[in-house]
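Encoded as C-alpha cells, the structure appears first; notes follow it.
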Amino acid sequence: VPRVDARGNPISDANQARYQGIVDAMSHPDNNGLFREMLVDAAGYVWTWRIDPDFYLGAAQREAVATRPSVWDVFDPEGVWIAVVEVPSGLTVSSVGRDHVAVIARDALGVERVQLHRLNRAGE
C-alpha cells in the first residue's frame, strides 16, 4: 500500500526512508499519553484522538483520510474517562454536538461531504 502525505500525495520510497530515519531518531515517551487532536463537545466532554504509532507523527494531519478507524477517548467534564469511540476509516471527525458527531467523508474522486451521525449518550 503506497503511503501518502497529509494532502493525499504519494510519498516516494526515498522520502519515506528519510521520514522513517527522522522518526527513528526522535525520542518517544514510554506511555500512551499522546493524542493527535482534542475536541470539547457541546456538553463539555473532552474527546482525544489517539496517535496511530504506525503513522508518521509529523504528517498526522486531521484532513488526511485515515486508512484505519480513528480511536477517540472520551472524558466527562470532570476529567473522568468514560468511553472509547471508534470512527470508521475514511471519516474525519469535524465536530461533536450534544446529540451528533459531524464527520467529513471523502469519496473516490476526493469530493468531501459532511455527514451527521447520532450520538447516544448513556444515562441522558
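Just so it is clear, none of the values below were taken in a lab; they were calculated from the coordinates. Since this is a predicted model, take the numbers as computed values, not measurements. Here the Cβ is made from the backbone with ideal geometry for all residues, glycine too, and neighbour counts use every protein chain on show.
Take 68-80, 91-103, 9-21 and order them by the average number of nearby Cβ atoms within 10 Å per residue, most first; the result is 91-103, 68-80, 9-21. What the Cβ-Cβ distance of Val71 and Arg3 gives, at R0 = 30 Å and to the nearest 0.05, is a FRET efficiency of 0.90.
Under 5 Å from the amide H of Ile82 lie the amide H atoms of Val74, Phe75, Asp76, each residue being 5 or more positions distant or on a separate chain, with H modelled from the backbone and absent for Pro and chain starts.
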